[in-house]
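Asks: One structure follows; several queries about it will come next.
The values are calculated or read from the model by the stated rules, or taken from the named source; none is laboratory data. All values derive from a computational prediction rather than experimental measurement. We place every Cβ from the backbone using ideal geometry, glycine too, and count neighbours over all the protein chains shown.
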Amino acid sequence: MRTLNKLAFLLEDFSPGSPAQHLVDRFLMGYARDGEFHKPGPREVSAYVMMTNEGGFDKRAEDFGLRVASTAEQAVDGADAVVVVSRKPGVMANDRLLKIALERAAEGAACFVHGALSSSLALGREAITLARSRKISLLAGSALNVTHRLPAVEVPAGTALSEALIVVQINQVMAPGQSGTGSGTLGGAELNALEGLLPIIERRAGGESGIRSIRWLEGDDVWKAGDKGLWSRPLLAAALSRSNSPQGDPVLDGRTQDIFGLGLVRKLALQPVAWQLAHHDGLKTTILVLDGVVNDFNFAVGARDGRTFSAQLFRAPPPVEQHYGLLMATIEDFLRGGASPWRVERNLLIAGLLETFRRPLARSGRVVETPDLGLVY
C-alpha cells in the first residue's frame, strides 16, 4: 500500500461528536486497530471547514500539526487522498465540495465521502464519470456498513433471498449519562437503513438487481400492511429479538419482555413509518422507522429455503463510538490504494433512493415506479 503524502479533509462542520471530528482525530492522533493503537501517519493533513461548533478545530492545528486552509481548493490542491464529510447524519451530500475534491486532487488520488455520495442520481453519475476521467478512486459510506453485527451473522454468498427487513430510528434515546442523538434528522434513518442492509442483501444470488418500485406508509397503515402480509411479521420478530434496548417496561426495571409477542410494538411506536422496496429480482425489502420501540438497529433476512438471518448493527455509545474506528480502518486502506471494499454502484443506488424518498410523490402512499433505479451490481 502507498504512503499518504497529503491527506485533505473537506468538512461542512467540526462539532463535538460529529463524523468529521471522529475521522479527523483518528487520522491525526491514531486509533485502536487490530489489537493495538495504530497511527496512520500521513505526511501532511490539511482541512477546510465551512463552520465550527467549539469542537477544538484550531487546537488540532496547534497540537497536531493540522494545516487549516482558508478555501476548499487550497486544502485539496495536490492531495493524493481526500475525505469529504457533510453534516451529521450525512444524508444531504455536499456536491460542491465533492466536485472540488475530484477536480483539484492529484490524478490517481483516492476520495472517500462520508454518508451519501451525492444529493441526486444525476450528480452521483457525474461525480463517478469525473473521478474515472482523472483515475481517482471514489467511494462513499458510513460506519453502519462495516460495524460489528451481534451475532456475527453473514448471509452466505449466492443465497437466494425472498424478503429483508430492518428496524431503525430517527431519534435515539440515550442512556443515563450519555448525550447526543442517533439519526436526528429526517432522512438519516433511511440512510442508516440502506447503509446497514444493502451490504447484506447484495450478497444474494445474482447480486443487486436494482429497485423496481417503492411505497411509503405511515401510522396505522404500517401495521395494516403487516397484517396483510405485505411485510413479514416473523422477520420483525426476529429483528427485534436481537435488540438489547427494548423500550417500555424493560427500561423501568430491567425485566425481560417479549414486546413483539405481547403486542406492545404498536403501542410503543411513535409515528411509525415504513418504506417498501421492490427489487427487480423479486426480493422485498422493508425499512421500518420505529421510534420508541427499541434503541438500536436490527435486521432480519429470509432465504427462499426457509432460513432466517438476523442481527443487531452495533453502535458503540458516545463519546468514543468505536464503530468509527472500524470505518476509519476501511477508509485508510482504501485511501492507501487497497481494493475497494464495495462497489461504488451501491453508493449511487443509495443516493438515488434518498433523492426519491424526498419527492412529494414518494410519500403519497401509492406504489411509485422507479425506472431510474434499475442499478445492477
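Asks: From the list M50, M92, which residue is farther than 20 Å from G337 by Cβ, surrounded by fewer than 21 Cβ atoms within 10 Å (Cβ to Cβ) and in contact with an Asp or Glu (Cβ under 7 Å, 6 or more places away or on another chain)? Steps first, answer last, please.
Replies: Details: M92 fails: in contact with an Asp or Glu (Cβ under 7 Å, 6 or more places away or on another chain).
The match here is M50.
Asks: Here's another thing I want to ask about it. State whether the residues of the stretch 350-369 include one that is outside the structural domain of I136 (by TED's automatic domain parsing), more than 18 Å from G188 (Cα to Cα) and surrounded by 15 or more Cβ atoms within 10 Å (Cβ to Cβ).
Replies: For the stretch 350-369, residues outside the structural domain of I136 (by TED's automatic domain parsing), more than 18 Å from G188 (Cα to Cα) and surrounded by 15 or more Cβ atoms within 10 Å (Cβ to Cβ): present.
Asks: Taking the stretch 104-127, which residues are closer than 14 Å to I350 by Cα and either small (G, A, S) or not in a strand (DSSP E or B) (or both)? Even if it seems obvious, please write down each step before you answer.
Replies: Applying the first criterion (closer than 14 Å to I350 by Cα) to the stretch 104-127 yields 113-125.
Across the stretch 104-127, the qualifying residues are G115, A116, L117, S118, S119, S120, L121, A122, L123, G124, R125.
Asks: Further, regarding this structure: Identify the single condition in (1) modelled with pLDDT of 95 or more; (2) not in a strand (DSSP E or B) that W216 does not satisfy, given that it satisfies every other one.
Replies: Exception for W216: condition (2).
Asks: Among the residues of the stretch 214-221, are any within 18 Å of the chain's Cα centre (by Cα), among the aliphatic types (A, V, I, L, M) and in the same structural domain as F357 (by TED's automatic domain parsing)? Walk me through how you get there before you give the answer.
Replies: Filtering the stretch 214-221 for residues within 18 Å of the chain's Cα centre (by Cα) gives none.
No, the conditions are met nowhere in the stretch 214-221.
Asks: State yes or no: is R104 out of contact with any Phe, Trp or Tyr (no Cβ under 6 Å at 6 or more places or on another chain), among the basic types (K, R), surrounded by fewer than 24 Cβ atoms within 10 Å (Cβ to Cβ) and at pLDDT 95 or above? Spell out the reasoning first.
Replies: Values: out of contact with any Phe, Trp or Tyr (no Cβ under 6 Å at 6 or more places or on another chain): yes; among the basic types (K, R): yes; surrounded by fewer than 24 Cβ atoms within 10 Å (Cβ to Cβ): yes; at pLDDT 95 or above: yes.
For R104, the condition - out of contact with any Phe, Trp or Tyr (no Cβ under 6 Å at 6 or more places or on another chain), among the basic types (K, R), surrounded by fewer than 24 Cβ atoms within 10 Å (Cβ to Cβ) and at pLDDT 95 or above - is met.
A quick yes/no check of all residues on (1) closer than 22 Å to H323 by Cα; (2) in contact with a strand residue (DSSP E or B) (Cβ under 9 Å, 6 or more places away or on another chain); (3) modelled with pLDDT of 95 or more:
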{"position": "S15", "(1), (2), (3)": "yes, yes, no"}
{"position": "N53", "(1), (2), (3)": "no, yes, no"}
{"position": "D58", "(1), (2), (3)": "no, yes, no"}
{"position": "Q74", "(1), (2), (3)": "no, yes, yes"}
{"position": "A79", "(1), (2), (3)": "no, yes, yes"}
{"position": "V82", "(1), (2), (3)": "yes, yes, yes"}
{"position": "K88", "(1), (2), (3)": "yes, yes, no"}
{"position": "A93", "(1), (2), (3)": "yes, yes, yes"}
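Asks: While we're here: Return the residues of the stretch 292-308 that are over 30 Å from P318 (Cβ atoms) and assigned to a strand (DSSP E or B); say none if nothing qualifies.
Replies: Quick first cut of the stretch 292-308, residues over 30 Å from P318 (Cβ atoms) only: 302-308.
Once the filter is applied, which keeps residues that are over 30 Å from P318 (Cβ atoms) and assigned to a strand (DSSP E or B), the stretch 292-308 yields G302, A303, T308.
Asks: Just to be sure I understand, how many residues within the stretch 253-279 are surrounded by fewer than 17 Cβ atoms within 10 Å (Cβ to Cβ) and farther than 29 Å from A362 by Cα?
Replies: Counting residues in the stretch 253-279 that are surrounded by fewer than 17 Cβ atoms within 10 Å (Cβ to Cβ) and farther than 29 Å from A362 by Cα gives 9.
Asks: Could you list, in sequence order, the residues of the stretch 231-240 that are in contact (Cβ under 8 Å) with a residue 40 or more places away in the chain and surrounded by fewer than 16 Cβ atoms within 10 Å (Cβ to Cβ)?
Replies: P234
Asks: Across the stretch 271-291, what is the total count of residues that are touching a helix residue (DSSP H, G or I) at 6+ places or on another chain (Cβ under 9 Å) and either assigned to a strand (DSSP E or B) or farther than 10 Å from E163 by Cα (or both)? Working first, answer last.
Replies: To start, the set of residues in the stretch 271-291 that are touching a helix residue (DSSP H, G or I) at 6+ places or on another chain (Cβ under 9 Å) comprises 272-277, 279, 283, 285-291.
Imposing the further condition that a residue be either assigned to a strand (DSSP E or B) or farther than 10 Å from E163 by Cα (or both) reduces the set to 272-277, 279, 285-291.
Summing the residues that are touching a helix residue (DSSP H, G or I) at 6+ places or on another chain (Cβ under 9 Å) and either assigned to a strand (DSSP E or B) or farther than 10 Å from E163 by Cα (or both) in the stretch 271-291 gives 14.
Asks: For the stretch 239-260, check the following and say yes or no: at least one residue is in a helix (DSSP H, G or I), under 19 Å from A193 (Cβ atoms) and in the same structural domain as I170 (by TED's automatic domain parsing).
Replies: yes
Asks: Scan the stretch 128-154 for residues that are closer than 20 Å to I350 by Cα and surrounded by fewer than 17 Cβ atoms within 10 Å (Cβ to Cβ) and jot them down. Write out each step before concluding.
Replies: First, pick out the residues of the stretch 128-154 that are closer than 20 Å to I350 by Cα: 128-132, 137-147.
Answer for the stretch 128-154, where residues must be closer than 20 Å to I350 by Cα and surrounded by fewer than 17 Cβ atoms within 10 Å (Cβ to Cβ): T129, L130, R132.
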